[in-house]
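Step one of this worksheet: look at the structure below.
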Amino acid sequence: LLGAARAWARRGLDKLDSDPLLESARKFRASPAQLERIRGSIDARNAEGGVYGVWPAHWHAVKVFESLQTQWRTEVVAKRVLVLGLDLGALPFALAERRNQPHRQPLERLMPQLRTLELGAMEHLNRS
């Protein structure tokens, strides 16, 4: 998820997608170790090409994060904008918008994933 958040911060979530190679490996019942090796090679390849894959188990969090992408709390410090974190006041609206989405998950699983996405994006956004 940190990689997905960094990819979002660099160029937006529209570049995020699952990889057909990984989907095929799952269909052919690749072992977890094989899937992990495939994921590593895909990530290495995509890091150069600007595409980043997201596991289906995290897709709901990524889409909710995408819905919240304009809801950042910021502060001006020393003539630069510092991103403090997401304003989660809009979270109920983002969840309502995604209520019929596949891979939906309960709030207790979603929130740690959202925090990971938030931290990864903030790390990139606050670099300068």
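No value in this document is a laboratory result; all are computed from the given coordinates. Just so it is clear, the model here is predicted, and its values are computed rather than measured.
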key: the range 66-108 - percent relative contact order, Cα under 8 Å, separation 6 or more   = 32
message = Amide H of L86 versus every other amide H placed in the peptide plane: which residues, excluding those fewer than 5 positions away on the same chain, fall under 5 Å?
response = R73
